[in-house]
Structures are given as C-alpha cells and as structure tokens.
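Notes follow once the structure below has been shown.
The values are calculated or read from the model by the stated rules, or taken from the named source; none is laboratory data. No experiment lies behind these values; they were computed from the predicted model shown. Note that each Cβ is placed from the backbone with ideal geometry, even for glycine, and that neighbours are counted across all protein chains shown.
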Amino acid sequence: MGEKLHSVGIDVGTSTTQLIVSRLTVENRANAYAVPDFTIADREILYRSPIHFTPLRSATELDAEGIRQIVAEEYRQAGIRPEAVSTGAIIITGETARKENARAVLDSLKEFAGEFVVATAGPDLESVLAAKGAGAERFSAQTGRTVLHMDIGGGTSNLALAEGGRITQTGCLNVGGRLIKIDRGAVQYVSPVLQGLCSLTPGQPVTEADLAPVIELLVQTLETAAGLRTGEIPPGLLTNRRISLPPGPVTLSFSGGVADLIRQSPPDPFAYGDIGVLLGSAIRRSALCRGDYVLGEETIRATVIGAGCHSTQLSGSTVFARDVTFPLQNLPVIALTDQEQALPGCRLAQRVAQIRDRWEADSPAVLFLPGMRSPGYDTLSDLAGRLAEALPQLGSPSVVVTGADMAKALGQALATRLTGPLLCLAGLELPDGSFLDVAAPVAAGTAYPVVKKTLVLA
C-alpha cells in the first residue's frame, strides 16, 4: 500500500492567507530484484481552509499574531497536530515577502511546522508551486503543449514555462490586484513598484477612468511577457527575469485571485478595495484571452496546493547516510559544472572555496555535482579523493548530491576518506544559488524527502 505522510501547505500572500493538509503516499516502483525506486505515488487533499484576508498592522508590517491565530485555528479545524506533519511548506508570497517583519512571521509559524516544513519565500519557488498546483505542468504533459502559466495575485504575477510536462523556466512580475488599494472612492495605498509609473497618491479621489492608464500598463506588461506585444517591460515591474519563450504556439494558463476575476467579475469595480476587479476585466478583454488559454484547475488556491502537495521530492534510489541528525534546513547549494567536477583536487577545493564565499558561514553547504553514469572503481575512487579535499570547508555534516544515480557508491568511497556525519543523495538537479531541506528518512530508511527552493528571506 505504501507509506503515508501528512503534508501541510500555508500561503501567506499579499491579499489572502490559506492552509491545506494533504496525504502523500510513498511507494517503491521497482521490483524485488532491482534497486529501490521510491516515488510519491498519490497526493490526496484532506482539508482546505477558508480564504482569509492577510492581516496587516500597517502598510509595511504584517500582523504576526493575527496570522499565527489563523494558522492555529485552521490546524484545529483540520484535526491535525504539528507533530503529525512530515513535510510541506510555509511560504510568504508577493508583496507580503517585502514587509519589514516577514522573517519574524515565518519564525513565529515554525511552531506549526512539525518535523519538517519548509519556511521560505521566493519568486522561483512560488512560480513552480503555482504552476503545479493549478495543473499547468500536468496539462502540458497530457497535451504535449508548451504552456506559459501566470499566477496573478495581489502583489505579483509568478510565471512558469512548462515544456513537455516539465517546468523549464520561471519568472516574476510586479503585477497584481492590490498594488493600489481603494477606500470609499479614494486611493488608500500605492505600491512602491509603481513609483514613476503613475501619479496617484494616497487620499486622491479616483474613478475607473483615472485608473485606466495603470490597468492598461499592467495588462501590457503581461502581454509583453507572453510574447503578444513587443517592447521592454518597465524595470520596476520586473522582479527577477523575463522568460525566454520558445518558437511555436504557446498556451496561456492563469491562476491566482485575479484569475477568478477573469472568469467573472462582480458589478462593483472596487468590491475588494483594490484594482483586482478592473485588472481581471481588462485581462479578459485583452489579447491574453483572445488566443489559446485555459484557467487553472485551481485558481486562488493554486500556490497553497502546490506548497502542500508538490513541494516535496524523494531521493531514494541510492543514498548513503552516516551519523546525520535530521531535519537539515536552508542549506545553500554550491553547484559544480561537468568541467569543475573534473578539476584536480587542489583546484577543485579552490573553486569550491570561491563559491562558498558567496554564502554566510553559519550553515553547512551542499555540494552538487552532475556525477557520472556507471563509473568504474578507479574513476569513483579518484572523484572521492578529490572531493575529500573540498568538502571539509563546507561544514558539518558533509552533504553531497549528484544528478546521476551514484550516491551510495560515492558515499561509501567518501566514508573511508572523511570523518564525521556524511550524507550522499542522488537523482536531483540543484541549481547554484538554491537551497535544500532534507527530512528524516521514510520507507524504512531508504528514501529521503527533500525540498529545493529559492529564498529571499534566508
């Protein structure tokens, strides 16, 4: 039947806060005579919280206690204890991640984390989770289409390109429904990202017509990102990078709170005290919805479902562990290329030291290397010898991850050359600049739940 794990997803967004509880089934897909191949065979959502407005103390500060109370009550309603949770993610998204006390809010929620829940925020991870939670990645796999997914929330639009059922690129725009807040016909708040792009100021009376130029600018930005309009995206509206679209047709996919407003808008344009209704209506009338597009299986809940159901992977075909205390959290990844992997021992150690200097020294780091397929004994021994010169400078435990399936053999070779805790995992792709969390093993100690992520609050 497989081992059952409880996973929780908590999304503290610009506009809303949500929680889901899901159950993951871990199974060994290999036969009795083959190397174990553990995978997450099934994901079942057990509980979905209501949609809560994210409580704020001011325009620049979150209400940490208010958020904590929401999460505590939803745990109670779901009938689950923190200690029963094995994996998942707490994420702070959109403009909320820029609040002064965002890090403190994450820390305050760790009491609900159970043994292993990622506490993180970052546009790359958000984009991936939203695309998975909305079903865009699966839609690409089922149809063979190239899909550009746009998760349009309160403060940001997280983009993900899915090709052949696999997410290949991510991006993020400062486009969202709560960049401007309206109260009783007057501007209450204007996001700093719109500075220089509009002349609206708090206290100014506004009509739909007054807001039309801003709405048009935001829609044009989305159209440019989707390849439907030429030109550059205003620097203030580009969070990290543009997605480079491949040649050929691209299907657009939408999720996020604004996606609901693309489908149907209430008659009151300021029903939610922001520009979300106007933005959704404008997207519906724009070039974005004239061609090939779909609304996600999940819209406003896409990111939280991605966090609760799709943030975890397994490394378990071959692993090696010695004297490691779990969980390991927020380990920076030092990624080597094929060429760097082949460097002589002293030069390899120097290169690792150069990369290590990018990160604070208070946490051990992960060394990622592509690895080799079916290396011989001499080749493996040589690699282990060269890595043994570099790994001590990365802290304890020594953690090595390989793309190729060779972790067990490499770990055994390293164990004779290194003292102290040692962990080797395989079958993962870890880009430089990412972070890794590793939970205690499951499936009788043969598989390790891992989450790779990009942090802005680490």
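Listed by first and then second residue, the pairs with beta-carbon distance under 9 Å, at least 6 apart or on different chains, first residue in region 78-91 and more than 18 Å from F326 (Cβ to Cβ), second in a loop (DSSP other than H, G, I, E, B) and at pLDDT 75 or above, are A78/S49; I91/G13. Against the numbered list (1) assigned to a loop (DSSP other than H, G, I, E, B); (2) crowded, with 16+ Cβ neighbours inside 10 Å; (3) small (G, A, S), A162 comes up short only at (1). Residues of region 403-433 that are in a loop (DSSP other than H, G, I, E, B) and over 17 Å from A388 (Cβ atoms): G403, A404, D405, G427, L428, E429, L430, P431, D432, G433.
The set of residues in region 384-396 that are in contact (Cβ under 8 Å) with a residue 40 or more places away in the chain and buried (at least 23 other Cβ atoms within 10 Å of the Cβ) comprises A390, L394.
Has region 23-41 got at least one residue that is of a type in the set (V, I, T), farther than 30 Å from D405 by Cα and modelled with pLDDT of 75 or more? Looking through region 23-41, none of the residues is of a type in the set (V, I, T), farther than 30 Å from D405 by Cα and modelled with pLDDT of 75 or more. Filtered by the rule that a residue be within 15 Å of I20 (Cβ to Cβ) and modelled with pLDDT under 80, region 71-111 gives S86, T87, G88, A89, I90, I91, T93. Within this structure, R138 fails the test of being assigned to a loop (DSSP other than H, G, I, E, B), in contact (Cβ under 8 Å) with a residue 24 or more places away in the chain and either in the same structural domain as R285 (by TED's automatic domain parsing) or closer than 15 Å to S255 by Cα (or both). Restricted to region 207-285, the set of helices (runs of 4 or more DSSP H) holding at least 1 residues that are modelled with pLDDT of 95 or more and either of a type in the set (S, T, Y) or closer than 22 Å to E137 by Cα (or both) comprises 208-225, 276-285.
Rundown of residues vs (1) among the aromatic types (F, W, Y); (2) touching a residue at least 12 places away in the same chain (Cβ under 8 Å); (3) surrounded by fewer than 14 Cβ atoms within 10 Å (Cβ to Cβ), yes/no style:
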site: T201; (1), (2), (3): no, yes, yes
site: D210; (1), (2), (3): no, no, no
site: E216; (1), (2), (3): no, yes, yes
site: T224; (1), (2), (3): no, no, no
site: N240; (1), (2), (3): no, yes, no
site: T251; (1), (2), (3): no, yes, no
site: G257; (1), (2), (3): no, yes, no
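Of all positions in region 336-347, at least one carries a residue that is in contact with a strand residue (DSSP E or B) (Cβ under 7 Å, 6 or more places away or on another chain), surrounded by fewer than 22 Cβ atoms within 10 Å (Cβ to Cβ), at pLDDT 85 or above and not in a helix (DSSP H, G or I).
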